[in-house]
Number of protein chains: 4
Amino acid sequence: MADVKKELRIGMVGYKFMGKAHSHAFRDVSFYFDPKVEPVLQAICGRQEEDLKQAAEKMGWNSYETDWRKLIERDDIDLIDIVTPNNSHAEIAIAAAKAGKHVFCEKPLALTLEQSKEMLKAVQENGVIHMINHNYRFSPAIQMAKKLIDEGRLGKIYHVRALYLQDWIMDPQFPLVWRLNKDISGSGSHGDLAAHSIDLARFLVGEFEEVTGILETFIKERPIVESSSGLSGSASTDKFGKVEVDDASVFIARFENGAIGTFEATRFAGGNRNGNRIEINGEKGSIRWDMENMNNLEVYFHDDEPGLQGFRTINCTEELHPYAGAYWPAGHIIGYEHTFINLVTELLNGVAEGYNPLPNFEDGVRNAAVLEAVEQSSQTKQWVRIADLLE
Amino acid sequence: MADVKKELRIGMVGYKFMGKAHSHAFRDVSFYFDPKVEPVLQAICGRQEEDLKQAAEKMGWNSYETDWRKLIERDDIDLIDIVTPNNSHAEIAIAAAKAGKHVFCEKPLALTLEQSKEMLKAVQENGVIHMINHNYRFSPAIQMAKKLIDEGRLGKIYHVRALYLQDWIMDPQFPLVWRLNKDISGSGSHGDLAAHSIDLARFLVGEFEEVTGILETFIKERPIVESSSGLSGSASTDKFGKVEVDDASVFIARFENGAIGTFEATRFAGGNRNGNRIEINGEKGSIRWDMENMNNLEVYFHDDEPGLQGFRTINCTEELHPYAGAYWPAGHIIGYEHTFINLVTELLNGVAEGYNPLPNFEDGVRNAAVLEAVEQSSQTKQWVRIADLLE
Amino acid sequence: MADVKKELRIGMVGYKFMGKAHSHAFRDVSFYFDPKVEPVLQAICGRQEEDLKQAAEKMGWNSYETDWRKLIERDDIDLIDIVTPNNSHAEIAIAAAKAGKHVFCEKPLALTLEQSKEMLKAVQENGVIHMINHNYRFSPAIQMAKKLIDEGRLGKIYHVRALYLQDWIMDPQFPLVWRLNKDISGSGSHGDLAAHSIDLARFLVGEFEEVTGILETFIKERPIVESSSGLSGSASTDKFGKVEVDDASVFIARFENGAIGTFEATRFAGGNRNGNRIEINGEKGSIRWDMENMNNLEVYFHDDEPGLQGFRTINCTEELHPYAGAYWPAGHIIGYEHTFINLVTELLNGVAEGYNPLPNFEDGVRNAAVLEAVEQSSQTKQWVRIADLLE
Amino acid sequence: MADVKKELRIGMVGYKFMGKAHSHAFRDVSFYFDPKVEPVLQAICGRQEEDLKQAAEKMGWNSYETDWRKLIERDDIDLIDIVTPNNSHAEIAIAAAKAGKHVFCEKPLALTLEQSKEMLKAVQENGVIHMINHNYRFSPAIQMAKKLIDEGRLGKIYHVRALYLQDWIMDPQFPLVWRLNKDISGSGSHGDLAAHSIDLARFLVGEFEEVTGILETFIKERPIVESSSGLSGSASTDKFGKVEVDDASVFIARFENGAIGTFEATRFAGGNRNGNRIEINGEKGSIRWDMENMNNLEVYFHDDEPGLQGFRTINCTEELHPYAGAYWPAGHIIGYEHTFINLVTELLNGVAEGYNPLPNFEDGVRNAAVLEAVEQSSQTKQWVRIADLLE
């Protein structure tokens, strides 16, 4: 737009729910912020040409490709954005890195820790910028919590408890969609939801030391549908297939700094559409956050005047709250999509200035290590040390 | 974008807070919805060329004008969007209507009821489409409340209580900005905030019959600043000027259908950044809503099973909630700006199909009548009938 | 109990809902507090001997009388506690005062302001201790709010908004019980509920200057039942009688100190079983309280650190919260009945030390003046000055 | 009181916080309920005569003993109520049972599972009535939840998550009181707080199958005080002693019916004075409860009308809510102490009719087994099966 600003030409692989969220963020970021490069929605990639074409038009992409390899070969693409199902992340990301493209990848980084490590190696060896999309970090309220913690306002952290509660597959007739297929998604609520909680905990509390936990599948068989690509759908056949991913992931953790954590991610918590909640208790204060009212941060300070101590509900929409000043006057709330916009600002600035923004593939690997540790623990019924998996 | 879709070329007068909100809505609407005409950000208009140029570029307008009369003369403009201070609404809107342009106008419609009536007359006589921007109606939760009420789920309405609580000018050193200047804004919290509550009440409950109330100015003098155009700022001089608008507006009302209402709009309610709340109690149920958690509608049904009766907190983010399906999966909340996007969809469809969407200038007039009745009442200390002002 | 502590022998007239609440408070007060006289449940009085006898036994009264005049004549009674319907308060209180008994009376003080003044005159002329039962003042959270206001922590008060929302008579088949009979109760929601809000406002904000408002009866006729003495019941006949009291009371007020108030009391707010709420906004801070979560006080301080401003939820159950130290450790909440216990402590200490505790009959008169002013206003549609009624 | 009602003469050992709560319940129960025996506060027992005497007088006990053995020997005592520190429960309870007294015991039942089993054996062999004081079960909201679950309204249970968060010993200068002494209390937050959560889970969900968890002590040394008997106090010396009990207890569990649970009890969750919370998600619905607003039960039903689904906040104060009808009209909340009153009603009726009310010593043993399993797991870092400990 501004004549002197360099452009960053995006090639995005995938175009469903996350494709929509990423596309919107790239379109909208410069309206609110002033990123140091200007994103251009250059090309979108998918396999079903008719749907793809419509998506490209709807979301404002300049062109499309039906083969991601072609996309990567194109000279007019600077960054590959990967929003495909998890089983294709590694191959695409590694190829993109080898082609010298910057890489922005949806979480979880890959199907396995091993794949994740290979991806990190590829981006590092090829010197490209990399980032993973843990968008919830970028809620102003979470950023405010981070600021308080970094300033020592909570003191030493004792407890973190994180819930990610959903309920969209509770109906036993809900079909075996791709997110329930282990080959495609790697895991169920674990990689989809717990991965977010792990990221929030790593961001706010620090590194995990060890974990023990359970992955559980409550509904063991589900109807098979012709097209299992959608997020929703209902059984069209009477064929049932085995559900190989978890419906719920529950674990406890010790952190390197001595904090203790409890984690629960599930798709079987009726009444919770997207209940991503976190609470942290430290020596000097506590915070509470719930994605369903994401603009609010609840904060407690131990050194508040006696008799007047209590959790404050802070509507993090003021100019002095992280990212919030770019939007609307205080009290005029933002929503889910703005976490993507905030994150993309960091990505664009990272590319412009040549540093890897956070969270990046290293975070992806560390996150994958925690996920894998819980999986191992669920099988062996033992505590698993994260460091052992990261060696 | 789509080759067969007709375009609607917007000319917007004003470019501050509301200009930003409108611009964004026009830019973003087709990403989420499929309006029957495609908006084009054709030209933006303001008086300070340097600021205007930057705003045009930042917000994506194709061109700019520094004289709104020129804008109206342009052949390549189909609709005039008025986001200037209230004292210029009437003149611009009437000129636009006479020039055959459709008109979209910020609330309150004008400085006075008289002006508002003239505006309505102008758009009607010239046969152009008109709409007023009461965006809060377009929160999915409010739309859901409307649906319930229309279906008779609350029965006969007994009570409505509406609060619009802000706190941004509580500091006596906060300067005499344009919103505190009666010549420019017409009123203070009354036209700015109470107008919104009146609209919600008219939308959900029905027409006002009579009102009695108070307009109050708590801080009688404030520092004068050189440039009083901004929303914020601090005193740069030691000159003080008289505040001629209200800091708070408080009134009670009877509705034509027998309901009773209480209304309070204030900029002196510390801790409430944008506390736009409404509660309605009917024969069969009740609803509660608060803009600061705007995705939630609280609903009570009298015929719920005894012992299990209580307000339900409904996160209106599901596909079957009005407008919500265009955005994200359930539980992934939207924010303030989406109320504008939803409204603009209706505006575009109205233009495309040749009908006046709601709320339009007739609503603006009726709203102005209630505002004026309260002002009269505040002076005469009498009840004032709305019908008497509308004759 | 303790041999050196003087006893205060109570004679209570009435034995229904309020009789239960008062009896319990007298029984329980010395368990938690150390009042300077020890209450003795000496005699209870009512007209239906069989019921009365059972009540006396159940609630632990030493004796009973079926004629309140006899009760007042008894030498072994020091204080008359009046918990009868409102139409008998004046006669009993005046007679008790003349007999030299201290008087504790349920609110509202009487049917009319005139009667209330006579009661005040009687207790003053006879030099007896008097108190009126506005129990909600004695919630620790309200007392804490009072403390903050008295210390200037909220600064000058701008706004008070008080709601008292109930829903127990919304069913049109709900019968014409005594509380709906004007001769017995004087008014409906007005004297029953608004009287409480007026007391909270007088306690926390100060004296009323003028009011304008509405008393409304939504259901004009109701079934007549044989025994209309109970709080509940359903129609046993097909005879209907006219409802002469208000279902709802809505008014706005100016206070002597410049604050503005909005008040709404209703029995037609579905889903609100006992929604007694108050919010106050001052120059430096705000408070919010809701009886349904009565242990919590929400407090906002304008001078909290920028970016960390928000309402704090203070669970007023700590030792340093008023009255709370007498009960349980922090976080272990108390309930409705404890407001009576706290109040009774003050009554007993007042009697012991010879001063009139607050709120007393003077408060009752001032409260009645506000009630009557609203009633007048409802008829004349004019603002009514409280001082004019108090002359 | 009533001449025909049999009395139950209580002898209570201990007189601090729990002694106060029990005493009050026995005093107050017949005011609200109609238990089938009438409790008599016959004798209280403690070691410090002066304090004891004052407590007896304050709380209304007829007599006192300074040796619990003497108390048990007395012919005029029917039931022994044990509210001493945990290390004396077993000896007193067993002696009482052998003496043919009914036994009511504070939780946790004893220091160890072994002791708990001996206590159960003693009461069973001697045919006395026994009950353990898990009072939180007796919140009307929890009872309502139980009713819904028993009726199948939540369907198969998938998840339970229970938190018991306190913050009273976060100050490192808080001294080594008896509750922090392993010899006296057995454990810290584990037996004090987690025991309550385990009871709620057993009551609402069912029996535990296996657990894995952590007991953690954040502050390893604390000041030693002369008198370490109180709940509070501050260091009076510069001598420090080792803290041998846990500050926090965190574990996950599998239940026999397939549900998965997460549990966290801690005294290090700043801002949570008594945050006893539980959430349960089942096939058809969910519930949420928080002791700090204990009158409310939040309930979600999956089969509510689409678009109108959400958690309902039910104020469990109506006549048709368990126990609530004995107190006040709907919306007039009760508090912590009423959970004791409700429980004591069951105890008295159990004694009167010769059955063991729930929860009794068998519940105490099962609870102790879970506590012990977590302790073992914390040391061995293995999952521990409850059945193995109960053999």
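The values are calculated or read from the model by the stated rules, or taken from the named source; none is laboratory data. Treat the numbers as computed from the prediction; the structure is a model and nothing was measured. Positions of Cβ are backbone-derived with ideal geometry, glycine not excepted, and every protein chain shown enters the neighbour counts.
Considering each residue of the stretch B:261-274 in turn, none proves to be more than 10 Å from chain A (Cβ to nearest Cβ), out of contact with any Pro (no Cβ under 6 Å at 6 or more places or on another chain), surrounded by fewer than 24 Cβ atoms within 10 Å (Cβ to Cβ) and not β-branched (Val, Ile, Thr). Considering the stretch C:156-190, the residues that are more than 24 Å from the chain's Cα centre (by Cα) and closer than 25 Å to B:THR217 by Cα include one that is surrounded by the most Cβ atoms within 10 Å (Cβ to Cβ), namely C:TYR158.
Filtered by the rule that a residue be touching an Asp or Glu at 6+ places or on another chain (Cβ under 9 Å) and either more than 7 Å from chain A (Cβ to nearest Cβ) or in a strand (DSSP E or B) (or both), the stretch B:305-325 gives B:PRO306, B:GLY307, B:GLN309, B:GLY310, B:PHE311, B:ARG312, B:THR313, B:ILE314, B:ASN315, B:ALA324, B:GLY325.
With respect to D:TRP383, determine if the residue is within 12 Å of chain C (Cβ to nearest Cβ), of a type in the set (Phe, Trp, Tyr), buried (at least 18 other Cβ atoms within 10 Å of the Cβ) and over 20 Å from the mean Cα position of the chain (by Cα). Criteria not met by D:TRP383. If we scan the stretch A:132-142, do we find a residue that is without any contact (Cβ under 8 Å) to a residue 12 or more places away in the chain and either assigned to a helix (DSSP H, G or I) or out of contact with any Gly (no Cβ under 9 Å at 6 or more places or on another chain) (or both)? No: zero hits.
Taking the criterion of being charged (D, E, K, R) and touching a His at 6+ places or on another chain (Cβ under 9 Å), the residues of the stretch B:245-291 that qualify are B:ASP246, B:GLU264, B:ARG273, B:GLU279, B:GLU283, B:LYS284.
Which condition number does B:GLN124 fail, the rest of (1) farther than 30 Å from B:ASP238 by Cα; (2) crowded, with 23+ Cβ neighbours inside 10 Å; (3) within 22 Å of the chain's Cα centre (by Cα) being met? Here B:GLN124 meets the rest and fails (2). Here B:ASN87 passes the criteria (1) within 14 Å of chain A (Cβ to nearest Cβ); (2) in a helix (DSSP H, G or I); (3) in contact with an Asp or Glu (Cβ under 7 Å, 6 or more places away or on another chain) except the one numbered (1).
Pairing each residue of the stretch D:22-47 that is within 14 Å of another protein chain (Cβ to nearest Cβ) and at positive phi with any residue that is crowded, with 22+ Cβ neighbours inside 10 Å and part of a helix (DSSP H, G or I), provided the two are 6+ apart or on different chains, yields no C-beta distance under 9 Å. In the stretch B:127-149, of all residues being more than 14 Å from chain D (Cβ to nearest Cβ) and more than 19 Å from B:ILE80 (Cα to Cα), the one that is farthest from the chain's Cα centre (by Cα) corresponds to B:ILE142.
Close contacts from the stretch A:165-191, counting a first residue that is within 17 Å of A:SER249 (Cβ to Cβ) and a second that is of a type in the set (Ser, Thr, Tyr) and surrounded by fewer than 24 Cβ atoms within 10 Å (Cβ to Cβ), with Cβ to Cβ under 6 Å and a gap of 6+ residues or different chains, come to A:ARG179/A:SER185. In the set (1) farther than 23 Å from A:ALA259 by Cα; (2) more than 13 Å from chain D (Cβ to nearest Cβ); (3) modelled with pLDDT of 95 or more, the condition left unmet by A:MET170 is number (2).
Hey, among D:ALA195, D:ALA110, D:ALA145, which residue is surrounded by 24 or more Cβ atoms within 10 Å (Cβ to Cβ), within 13 Å of D:HIS89 (Cα to Cα) and small (Gly, Ala, Ser)? Checking each option against the conditions leaves just D:ALA110.
Looking only at residues in the stretch B:1-40 that are among the hydrophobic types (A, V, I, L, M, F, W, C) and touching a Gly at 6+ places or on another chain (Cβ under 8 Å), which one is surrounded by the fewest Cβ atoms within 10 Å (Cβ to Cβ)? Step by step, filter the stretch B:1-40, then rank; the result is B:MET1. Looking across the stretch B:1-21, the residues that are over 22 Å from B:HIS134 (Cα atoms) and within 13 Å of chain A (Cβ to nearest Cβ) come down to B:MET1, B:ALA2, B:ASP3, B:VAL4, B:LYS5. Could you tell me whether C:LEU389 is closer than 25 Å to C:ARG161 by Cα, under 23 Å from the mean Cα position of the chain (by Cα) and assigned to a helix (DSSP H, G or I)? When the stated conditions are applied, C:LEU389 passes them. Restricting attention to the stretch D:205-222, and to residues there that are out of contact with any helix residue (DSSP H, G or I) (no Cβ under 6 Å at 6 or more places or on another chain) and buried (at least 19 other Cβ atoms within 10 Å of the Cβ), which single residue is farthest from D:SER88 (Cα to Cα)? Checking each candidate, the answer is D:VAL205. A:ARG153: assigned to a loop (DSSP other than H, G, I, E, B), surrounded by fewer than 20 Cβ atoms within 10 Å (Cβ to Cβ) and not acidic (Asp, Glu), yes or no? Yes: the conditions hold for A:ARG153.
Which residue is nearest to A:ILE333 (Cα to Cα), if the candidates are limited to the stretch B:338-347 and must be touching a strand residue (DSSP E or B) at 6+ places or on another chain (Cβ under 9 Å) and buried (at least 24 other Cβ atoms within 10 Å of the Cβ)? Residue satisfying both the conditions and the ranking: B:LEU343. If you go through the stretch C:101-154 and keep only what is farther than 23 Å from C:VAL205 by Cβ and aromatic (Phe, Trp, Tyr), you end up with just C:PHE104. With respect to the conditions (1) within 23 Å of B:LYS70 (Cα to Cα); (2) surrounded by 20 or more Cβ atoms within 10 Å (Cβ to Cβ); (3) out of contact with any Gly (no Cβ under 6 Å at 6 or more places or on another chain), B:ALA43 lacks only one, and its number is (3).
Restrict the check to the stretch A:347-355 and report whether at least one residue is over 30 Å from A:GLY127 (Cα atoms) and at pLDDT 95 or above. Scanning the stretch A:347-355 turns up no residue that is over 30 Å from A:GLY127 (Cα atoms) and at pLDDT 95 or above.
Kindly establish whether D:ARG9 is of a type in the set (D, E, K, R), part of a loop (DSSP other than H, G, I, E, B) and more than 18 Å from C:MET59 (Cα to Cα). Judged against the criteria, D:ARG9 is not a match. Taken over the stretch B:275-290, the criterion of being within 14 Å of chain A (Cβ to nearest Cβ), surrounded by fewer than 24 Cβ atoms within 10 Å (Cβ to Cβ) and not acidic (Asp, Glu) is satisfied by B:GLY275, B:ARG277. Between A:GLY307, A:GLY335, A:GLY325, the distinction of being surrounded by fewer than 19 Cβ atoms within 10 Å (Cβ to Cβ), under 27 Å from the mean Cα position of the chain (by Cα) and not aliphatic (A, V, I, L, M) belongs to A:GLY325 only. Annotation: D:GLU305 fulfils all but one of (1) closer than 17 Å to C:THR313 by Cβ; (2) modelled with pLDDT of 95 or more; the unmet one is (1). In the stretch C:275-292, the residues that are more than 17 Å from C:CYS316 (Cα to Cα) form Cβ pairs under 7 Å with partners that are among the acidic types (Asp, Glu) and modelled with pLDDT under 95, at six or more places apart or across chains, as follows: C:GLY275/C:GLU292. Has the stretch B:285-294 got at least one residue that is in contact with a Ser or Thr (Cβ under 7 Å, 6 or more places away or on another chain), closer than 21 Å to B:ARG202 by Cβ and at pLDDT 95 or above? There is at least one residue in the stretch B:285-294 that is in contact with a Ser or Thr (Cβ under 7 Å, 6 or more places away or on another chain), closer than 21 Å to B:ARG202 by Cβ and at pLDDT 95 or above.
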